[in-house]
Amino acid sequence: MMQRPSSDAPRAAGMAGLRRAALAMLLGLNLGWLPQAHADLFADNEARRAILDLRSQVAQNQQANQNQLTQQAQQIQQVRSSLLDLANQIEQLKTEIAQLRGQQDTTTRQLSDTIAKLQNSQKDLTQRMAPLEPVTVQIGGKSYTVQPAEKAAYEQALAAFRNSDFTGASTQFKAFLAQYPASPYAPEAQYWLANSFYAQKQYKEAVVAFNGLISGYPNSSRIPEALLGLANCQVELRDVRLARVTLKKLVNNYPQSEAAQAAKDRLAKLR
């Protein structure tokens with residue numbers, strides 16, 4: 001007895017074909033997406049490498065910045081150390097300058113003291129040497145150079161005469177002439193010696209002294225006065241004749257002198 005085909009067979013066959021068609025379509029679709037997926041995967045790798053490179057550059061920049069900061073910090077520290085050393089050197093220089101100023105002040109004071117001492121010593125030496133240095137004097141209207149001691153001795157004898165100490169004056173004038181025979185004061189000393197004797201009424205000694213001036217110092221400005229003094233001594237010795245001779249000699253040789261006028265008056269009285 002033959003069986004009749006089941007009604008489910010065509011349905012099963014159709015479903016199988018449909019499945020095959022859908023699988024084919026699905027496979028077709030999946031095969032079309034493969035290039036795009038591969039491209040997307042490549043792009044992700046490039047981005048990842050770029051990110052890694054960027055991170056590496058950032059790390060390198062950070063390290064470089066850190067190194068630069070470290071170097072700058074070291075340089076700043078070096079500058080600070082240099083400034084500190086400079087400040088210390090400045091303070092040391094200030095101290096040395098202060099010391100030098102102190103030494104300079106001390107040296108200046110010492111120098112000033114030394115100069116003052118030298119000036120005082122020079123002044124003292126000048127004062128001590130002054131009595132030993134020659135001096136210029138005026139004698140009979142002329143300038144002469146004499147020793148201080150010589151001048152002092154003459155002035156001392158003359159002072160004694162002016163004080164009416166005729167004995168002391170004659171003694172000092174004789175001592176002066178013995179010690180300074182070539183002195184410019186010698187004619188003056190001889191003249192005042194004669195007058196000292198005359199004041200003591202030692203007329204003979206006065207005559208000798210006046211004649212010593214007249215013969216020993218013929219160019220002396222005291223000659224006219226010496227002749228008048230000599231004539232006075234001769235009158236006192238009662239040698240009127242010789243006194244007249246002396247007075248005439250004075251009038252004839254020195255007519256313009258004051259002593260000549262006194263001699264004329266004296267002659268008139270001796271007649």
* Between residue 264 and residue 208, what FRET efficiency follows from the Cβ-Cβ distance if R0 is 30 Å, with the result rounded to 0.05? -> 0.70
* **Ranked by how many other beta carbons lie within 10 Å on average, peptides 153-165, 60-72 from highest** => 153-165, 60-72
* By average C-beta atoms within 10 angstrom, highest first, the peptides 142-148, 200-206, 226-232, 184-190 -> 226-232, 184-190, 200-206, 142-148
* Asked: In the structure displayed, which of 204/249; 201/264; 174/249; 94/117; 174/264; 201/248 lie more than 30 Å apart, Cα to Cα?
  -> 94/117; 174/264
* Give the Rg (one decimal place) followed by the Dmax (whole number) of the stretch 132-269, computed from C-alpha coordinates and expressed in Å. => 15.4, 51
* **For the stretch 132-269, with +1 on Lys and Arg beta carbons and -1 on Asp and Glu, the positive-most of 134, 242, 254 along the dipole** => 242
* Report, in whole Å, the centroid distance computed from the Cα atoms of the stretch 72-150 and the stretch 203-222. => 62
* In square nanometres, what is one fourth of the surface area of the convex hull spanned by the alpha carbons of the stretch 41-130? -> 8.4
* Put +1 on the Cβ of each Lys and Arg and -1 on the Cβ of each Asp and Glu in the stretch 125-245; which of 180, 233, 161 then has its Cα farthest toward the positive end of the dipole? -> 233
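Any read-out appearing in this document is the output of simple, stated calculations on the displayed coordinates, not a laboratory observation. Nothing here was measured: the structure is a model prediction, and the numbers come from that model. Quick reminder, even Gly has a Cβ in these numbers, built from the backbone with ideal geometry, and neighbours come from all protein chains shown.
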